[in-house]
1. I'm trying to understand the selection: among the residues of segment 121-164, which are surrounded by 15 or more Cβ atoms within 10 Å (Cβ to Cβ) and either assigned to a loop (DSSP other than H, G, I, E, B) or touching a helix residue (DSSP H, G or I) at 6+ places or on another chain (Cβ under 6 Å) (or both)?
2. Across segment 62-78, what is the total count of residues that are assigned to a strand (DSSP E or B) and more than 16 Å from the chain's Cα centre (by Cα)?
3. Please go through segment 152-192 and pick out each residue that is over 14 Å from the mean Cα position of the chain (by Cα) and of a type in the set (D, E, K, R).
4. Hey, can you tell me all the residues within segment 43-78 that are at pLDDT 75 or above and within 15 Å of S187 (Cα to Cα)?
5. Among residues belonging to segment 79-113 that are charged (D, E, K, R), in a strand (DSSP E or B) and over 14 Å from D123 (Cα atoms), point out the one that is modelled with the highest pLDDT.
Amino acid sequence: MTKISSILSLILLLSNSAIFAGGTNSSVSNKPKLFFGIGAGEGGGAHGGSFKSYRLSYQKKLSHNNKYNFDYVSDIGFNFWKDDSRLSESDKQTAISDLDTSNISISYSRILRKYITNNSFVDVGIGVSFHNNDSMYGSDMGSTYQLENRIGLGYQRETYRSILNFFHYSNGGIKGKNDGVDIIMLSVSKLF
């Protein structure tokens with residue numbers, strides 16, 4: 001039942017439904033905002049390893065809900081995770097995957113961005129991510145596809161944006177092992 005509800009939730013959030021994005025109260029800007037950004041962060045997993053994460057992303061505002069003052073945003077990201085494991089001896093013995101792995105992934109997410117002031121906002125998003133490896137620094141991620149969950153706090157000016165995000169990647173218990181990984185990342189973006 002958990003797998004079915006996870007899949008249904010993902011489908012609902014990733015849908016292109018105008019009703020979900022705000023229905024008749026939302027209006028898509030004549031000139032959508034396209035942001036390209038770079039980010040760097042640190043992450044870790046179930047066995048105490050650590051890695052550096054770098055992200056190149058493209059965001060597009062799909063619509064704005066005037067009634068509740070939120071944006072509905074799509075995000076495409078290219079991630080490089082550099083393994084920097086410093087596992088303890090006990091963690092090395094319990095680790096179930098390759099200890100020296102790095103990872104490249106491509107992700108697609110939908111984000112609800114709620115403005116709390118004219119320039120400050122909170123992001124909540126969910127998406128899918130495809131990886132070239134199903135393990136990372138001793139953590140078995142269970143598959144090469146993962147769910148990408150995020151929550152972030154950001155600040156935006158006319159042409160620039162910065163966001164501090166917390167990402168969680170896991171397969172949602174859909175397949176095999178599910179150690180999952182967490183990343184805290186600071187990103188800076190420019191409007192084009």
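The values are calculated or read from the model by the stated rules, or taken from the named source; none is laboratory data. What you see is a predicted model, and the numbers here were worked out from it, not measured in a lab. Backbone-built Cβ (ideal geometry, glycine too); neighbour counts: all protein chains shown.
1. I126, N133, D134, Y137, G138, M141, G142, S143, T144
2. Looking only at that region, the number is 6.
3. If the condition is that a residue be over 14 Å from the mean Cα position of the chain (by Cα) and of a type in the set (D, E, K, R), then R157, E158, R161, K175, K177, D179, K190 are the ones that fit.
4. K52, S53, Y54, R55, L56, S57, Y58, Q59, D75, I76, G77, F78
5. K82
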